[in-house]
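Quick notes on the structure that follows.
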Amino acid sequence: MTSSFYPPQRTLMGPGPSDINPRISSAMARPTIGHLDPLFVGMMDEVKGLLQYAFQTSNELTIPISAPGSAGMECCFVNLIEPGDTVIICQNGVFGGRMKENVERCGGTAVMVHDQWGSACEPQKLEDALKLHPQAVAVAFVQAETSTGVSTDVKTLVDLAHRYDCLAIVDAVTSLGGTELRVDEWKIDAIYSGTQKCLSCTPGLSPVSFSQRAVDVIKKRKSTVQSWFLNLNLVMGYWGSGSKRAYHHTAPVNALYALHEALVILEEEGLENAWARHALNHNALKAGIEALGLSFVVPQANRLPQLNAVTIPEGIDDAAVRTALLNDYNLEIGAGLGPMAGKVWRIGLMGYAARKDNVLLCLSALDEVLTRMHAPVNQGKAVSAALATYAQ
Ligand SMILES: *Cc1c(COP(=O)(O)O)cnc(C)c1O
């Protein structure tokens, strides 16, 4: 007989999923009710309103897609891009590469603007590409590149896209709830996120939001959206306002309780306070990491507080350290991806994981494990450096 699965209680400080606030786990365990039950429909309306707050938008079409962040990405592309369209993609890590895959599967042409892994997307390069490809209909890029820990200046890139009459599609999977994001003020046309990063919710949902300009493009499409499940014209009938809801798919009822709770927690804290908390904990972690003698990959100006890429000391076995952290401390940090594999660790401070006890645990565990492995670190200095930051 197979027995029930009881996972250990880990501390999740990788690139996501992040630590779940216990309030969210308990919300998820509440009784399942029908997805067309009037009380559930009322809760869906609250989720939409709370998402508008999180995204800082009044966009009517602001909903969670019933699938993970990658589905939110796909939802933006399949609805906005038609065969023959040209899309300019700024890539500076893993996720821009996935955008290219999406555009090509929509029958479009992806024009890639590359920046180094660890650098932000360069506005001048985007402008050059826009001049060279006047037929482009959209520009897409990632605000918070989780593969490298880089933050890109959204407002500047969106302004450029609009100056050349393109829609702006933004990946906010790791930024929503963690760093400044203002959909209306920055005039973003289409944006998608995920629940398991700075919202600290369970994985499996993807909040999206579309401006009126984007909705008009969707309504004027010549071809049908090739995805039935992600076709927003159908999804809108399900999530649309008022009591008339057309059955589209069965909403993941309990997962939406979890998202509702995560967003209630965000509203209680206040969005700007949440951004400030991520920054504070990043500063404390940074003080500790530097006191240990380790360094950051990304220059300070473009560094994400919620995703810290730290250079692995020469001669130290990446996997052995992560395994020791997991086995001895129940602590998960992330490995490097692509060209950064084996060279960096990715330490996440996302949502509920962005707090003092996590920072101190991570620093003391790294201090002990690296000392044990004879790495050239300054033993015993990291925790007090972080505490000094909190005391300021
Ligand atoms: C995690 C992530 C995604 C993908 O989200 P999933 O929920 O894993 O599908 C997309 N973009 C970025 C920037 C991410 O960090």
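None of the figures in this text is laboratory data; all of them are computed from the coordinates on show. The structure presented is a predicted model; accordingly, all values stated were derived computationally and were not measured. Here Cβ is always computed from backbone atoms with ideal geometry, including for glycine, and neighbour counts include all displayed protein chains.
Numerical summary
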quantity	calculated
Which of GLU180, GLU261 has the fewest Cβ neighbours within 10 Å, and the rest in rising order	GLU180, GLU261
Rounded, prolate or oblate (a/c below 1.5 giving rounded, otherwise prolate when a/b exceeds b/c) for the range 236-392 by Cα gyration tensor	prolate
Distance between modelled label sites at HIS162 and GLN212, nm, 7 Å Cα→Cβ extension	1.3 nm
Helical mean residue ellipticity (222 nm; -39500 (n - 2.57) per DSSP H run of 4+; nearest 500) of the chain	-13000 deg cm²/dmol
Candidates SER209, SER58, SER66, ranked by Gaussian network fluctuation over the chain, Cα under 10 Å, top entry	SER58
Likely footprinting exposure, VAL154, VAL137, fewest C-beta neighbours within 10 Å first	VAL137, VAL154
Where N is the number of residues in the chain, Cα Rg divided by 2.2 N^0.38 Å	1.00
SER223/LEU39 FRET efficiency (R0 45 Å; Cβ-Cβ; nearest 0.05)	0.70
Rounded FRET efficiency, nearest 0.05, which uses the C-beta distance separating GLU60 from LYS125 and R0 of 30 Å	0.30
Most mobile of GLY14, GLY336, GLY237 in a GNM of the chain (Cα contacts under 10 Å)	GLY237
Reach of LYS100 by Cα under 25 Å, taken over lysines that are not fewer than 8 positions away in the same chain	LYS125, LYS131, LYS155, LYS187, LYS197, LYS219, LYS220, LYS222
Inter-centroid distance (Cα atoms) of the range 310-334 relative to the range 153-172, Å	38 Å
Full-stretch length increase - GLU104, THR250 - with 0.36 nm per residue and alpha-carbon distance subtracted	49.6 nm
The range 286-362 shape via C-alpha gyration tensor axes, a/c threshold 1.5	rounded
Nitroxide proxy distance, nm - points 7 Å out along Cα→Cβ at LEU326 and ARG355	2.4 nm
Trypsin sites (Lys or Arg not before Pro) lying in DSSP loop within the range 202-297, provided at most 12 other Cβ fall within 10 Å	LYS220, LYS222, LYS244
Mean Kyte hydropathy of 0.5 or more with a Cα span along the axis of at least 30 Å, helices from DSSP in the chain	none
Pair THR2, ASN273: separation of 7 Å Cα→Cβ label points (nm)	4.4 nm
Values of log10 I(q)/I(0), in the order q = 0.17, 0.28 Å⁻¹, for the range 266-315 under a Debye, Cα-only, solvent-free model	-0.56, -1.08
Theoretical gain in end-to-end length, MET373 to LEU387 [0.36 nm per residue, Cα-Cα removed]	2.6 nm
3J(HN,Hα) from dihedral phi, the range 143-152, Karplus parametrisation 6.51/-1.76/1.60, rounded to Hz, x for glycine, proline	5, 10, 6, 5, 6, 10, x, 9, 9, 10
Other-chain or far-sequence residues with amide H under 5 Å of LEU307's (modelled H)	LEU349
